[in-house]
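First up is the structure itself, then whatever we jot down about it.
The values are calculated or read from the model by the stated rules, or taken from the named source; none is laboratory data. Owing to the predicted nature of the structure, the values given are computational and were not obtained by experimental measurement. All Cβ positions, glycine included, derive from the backbone under ideal geometry; neighbour counts span all protein chains shown. Ligands, DNA and RNA are stripped out before the accessible areas are found, and what is left, the full protein with its side chains, is counted by its heavy atoms. Shrake-Rupley method; radii C 1.70, N 1.55, O 1.52, S 1.80 Å.
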Amino acid sequence: MKVSAEVVKGICPTCDEDTMLVGLTNELYRCMNCGADLQQHVNGKISYLPVIATPSDKNIQPFEKEWKDG
Ligand SMILES: [Zn+2]
(Lines give C-alpha, C1' and ligand atoms only; values in the text may rest on other atoms or scores of the structure.)
Protein backbone atom coordinates (compact mmCIF):
# COMPACT_ATOMS: atom_id res chain seq x y z
CA MET A 1 0.00 0.00 0.00
CA LYS A 2 1.55 3.19 -1.16
CA VAL A 3 1.09 6.25 0.92
CA SER A 4 2.25 9.34 -0.78
CA ALA A 5 1.07 12.85 -0.38
CA GLU A 6 0.43 14.53 -3.63
CA VAL A 7 2.08 17.89 -3.85
CA VAL A 8 0.95 20.34 -6.42
CA LYS A 9 1.75 23.89 -7.19
CA GLY A 10 -1.01 26.41 -7.09
CA ILE A 11 -2.20 29.79 -6.07
CA CYS A 12 -3.53 29.76 -2.57
CA PRO A 13 -6.68 31.87 -2.35
CA THR A 14 -6.10 32.47 1.31
CA CYS A 15 -2.59 33.88 1.31
CA ASP A 16 -2.57 34.68 -2.41
CA GLU A 17 0.81 33.05 -2.87
CA ASP A 18 2.00 30.77 -5.62
CA THR A 19 2.90 27.96 -3.31
CA MET A 20 2.98 24.22 -2.77
CA LEU A 21 -0.23 22.47 -1.89
CA VAL A 22 -0.18 19.09 -0.24
CA GLY A 23 -3.01 16.76 -1.12
CA LEU A 24 -4.85 15.47 1.91
CA THR A 25 -7.55 13.72 -0.09
CA ASN A 26 -8.48 13.63 -3.75
CA GLU A 27 -9.88 17.12 -3.56
CA LEU A 28 -8.58 18.55 -0.34
CA TYR A 29 -5.26 20.32 -0.28
CA ARG A 30 -3.31 22.20 2.33
CA CYS A 31 -1.31 25.29 1.63
CA MET A 32 2.30 24.90 2.69
CA ASN A 33 2.59 28.63 3.11
CA CYS A 34 -0.26 29.57 5.40
CA GLY A 35 -1.64 26.15 6.31
CA ALA A 36 -5.11 26.81 4.97
CA ASP A 37 -7.13 23.87 3.75
CA LEU A 38 -8.24 24.24 0.17
CA GLN A 39 -10.77 22.37 -1.86
CA GLN A 40 -9.87 21.64 -5.42
CA HIS A 41 -12.48 22.62 -7.94
CA VAL A 42 -12.17 21.54 -11.51
CA ASN A 43 -14.41 23.33 -13.92
CA GLY A 44 -12.48 24.00 -17.08
CA LYS A 45 -9.45 24.84 -15.03
CA ILE A 46 -8.29 23.78 -11.64
CA SER A 47 -8.89 26.27 -8.93
CA TYR A 48 -8.71 26.12 -5.19
CA LEU A 49 -11.20 27.42 -2.75
CA PRO A 50 -10.55 27.91 0.92
CA VAL A 51 -12.26 25.42 3.15
CA ILE A 52 -13.73 27.50 5.88
CA ALA A 53 -14.19 25.71 9.12
CA THR A 54 -17.85 26.49 9.14
CA PRO A 55 -19.92 25.36 12.04
CA SER A 56 -22.36 22.68 11.09
CA ASP A 57 -25.82 23.74 10.04
CA LYS A 58 -27.17 22.76 13.41
CA ASN A 59 -25.02 25.32 15.15
CA ILE A 60 -25.77 28.17 12.79
CA GLN A 61 -29.06 29.12 14.39
CA PRO A 62 -28.29 29.71 18.04
CA PHE A 63 -31.13 32.20 18.38
CA GLU A 64 -33.80 30.07 16.89
CA LYS A 65 -35.35 29.35 20.25
CA GLU A 66 -36.03 32.99 20.88
CA TRP A 67 -38.30 33.26 17.88
CA LYS A 68 -41.51 31.84 19.15
CA ASP A 69 -45.04 33.06 19.14
CA GLY A 70 -46.18 35.08 22.01
ZN1 LIG B 1 -1.93 29.88 1.71
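Details
- The set of residues in region 26-48 being open to solvent by 70 Å² or more (accessible area, probe 1.4 Å) and at pLDDT 90 or above consists of Arg30, Met32, Asn33.
- Scan of region 10-47 for residues that are within 12 Å of the ligand (Cβ to nearest atom) and in a strand (DSSP E or B), ordered by number: Gly10, Ile11, Asp18, Thr19, Met20, Leu21, Val22, Tyr29, Arg30, Cys31, Asp37, Leu38
- Residues satisfying the stated conditions in region 13-28, i.e. within 13 Å of Ile46 (Cβ to Cβ) and touching a Leu at 6+ places or on another chain (Cβ under 8 Å): Pro13, Leu21
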